Amino acid sequence: MNINLENEIFELDELHILDPEKLNFSLEESGFLTLDDGEQVYSKVNLTRLLPFKTKTEYISVSYEDDEEQFHEIGVIRDINELQGEQFEIADNFLKFKYYMPEITRIYSIRDNMRGYIFVKVDTNAGKKTLCIRDWYSNFKLISPTELYVVDADGNKYTCPDIRSLDKKSKNNIDMFV
């Protein structure tokens, strides 16, 4: 089957910037967010950082899934710092929970089991851990010249914001992998 995409036309949705003064988030007992934007009330609202490694508060997508589990974006908040008082706290706490990543503070050892997994013994700000990392090339990487990003085999995410701040032994342990 030969597919010709030269004549294919793609339509882009417009970026809808939300007015922070019109947004009223509430945290339900279930842990879900509800949003009243003055025109409609949305249940089970999700907030997503569009630039998760660059900024924590800017360009936050606000979306929900309908009853048929279809994704709908309500719009984007340019900066949640523009939300009023409690509204900022609700949005910020939701994002901190969603994007929780313990910080790696020390790397004791890295062991490759030669079957596609590496085991990394670390200290984090959440305690000592042994991370099992599948496909280390994709899940143990520098996302900037100094920031290490790690995803373990269970999907848990970890970060080391500045590998230069690690002790000498930790740096030696990761030299071969970054």
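Here are a few things to note about the model shown:
- Residue match in region 78-85 (condition: small (G, A, S) and in the same structural domain as D36 (by TED's automatic domain parsing)): yes
- Against the test of being among the hydroxyl-bearing types (S, T, Y) and within 24 Å of T159 (Cβ to Cβ), the options T34, T57 yield a single qualifying residue, T57.
- Of all residues in region 94-104, one or more are buried (at least 18 other Cβ atoms within 10 Å of the Cβ) and aromatic (F, W, Y).
- Against the test of being at pLDDT 95 or above, outside any helix (DSSP H, G or I) and touching a helix residue (DSSP H, G or I) at 6+ places or on another chain (Cβ under 6 Å), the options I118, I107 yield a single qualifying residue, I107.
- Applying a threshold of 7 Å to beta carbon distances and a minimum spacing of six or more residues, or different chains, the list of pairs starting in region 106-135 at a residue that is at positive phi and ending at one that is acidic (D, E) reads G116/D135.
- Looking across region 49-63, the residues that are free of Cβ contacts under 8 Å to residues at least 24 places away in the same chain, in contact with a Leu (Cβ under 9 Å, 6 or more places away or on another chain) and not charged (D, E, K, R) come down to Y59, S61, S63.
- Residues within region 62-83 that are surrounded by fewer than 16 Cβ atoms within 10 Å (Cβ to Cβ) and part of a loop (DSSP other than H, G, I, E, B), tallied: 5
- Here N93 clears all of (1) in contact with a His (Cβ under 9 Å, 6 or more places away or on another chain); (2) farther than 17 Å from I17 by Cα except the condition numbered (1).
- Screening G155 with (1) of a type outside the set (S, T, N, Q); (2) crowded, with 16+ Cβ neighbours inside 10 Å; (3) at pLDDT below 95; (4) within 18 Å of E103 (Cβ to Cβ) gives one miss only, at (2).
- Residue satisfying condition, being hydrophobic (A, V, I, L, M, F, W, C), in contact with a Gly (Cβ under 8 Å, 6 or more places away or on another chain) and closer than 30 Å to L23 by Cβ, within set V76, V62: V62
- Region 16-47, residues that are over 23 Å from the mean Cα position of the chain (by Cα), free of Cβ contacts under 8 Å to residues at least 12 places away in the same chain and under 17 Å from H72 (Cβ atoms): E39, Q40, V41
- Test: residue in region 21-42 that is within 30 Å of L142 (Cβ to Cβ), assigned to a loop (DSSP other than H, G, I, E, B) and touching a helix residue (DSSP H, G or I) at 6+ places or on another chain (Cβ under 6 Å): no
- Some residue of region 127-148 being closer than 30 Å to E28 by Cα and either touching a Pro at 6+ places or on another chain (Cβ under 8 Å) or buried (at least 18 other Cβ atoms within 10 Å of the Cβ) (or both): no
- The condition (being of a type in the set (G, A, S), in contact with a strand residue (DSSP E or B) (Cβ under 9 Å, 6 or more places away or on another chain), surrounded by 16 or more Cβ atoms within 10 Å (Cβ to Cβ) and farther than 25 Å from R49 by Cα) is satisfied by just one residue among S165, S170: S170.
The values are calculated or read from the model by the stated rules, or taken from the named source; none is laboratory data. Being a predicted model, the structure only gives us computed values, none of them experimental. Here Cβ is always computed from backbone atoms with ideal geometry, including for glycine, and neighbour counts include all displayed protein chains.
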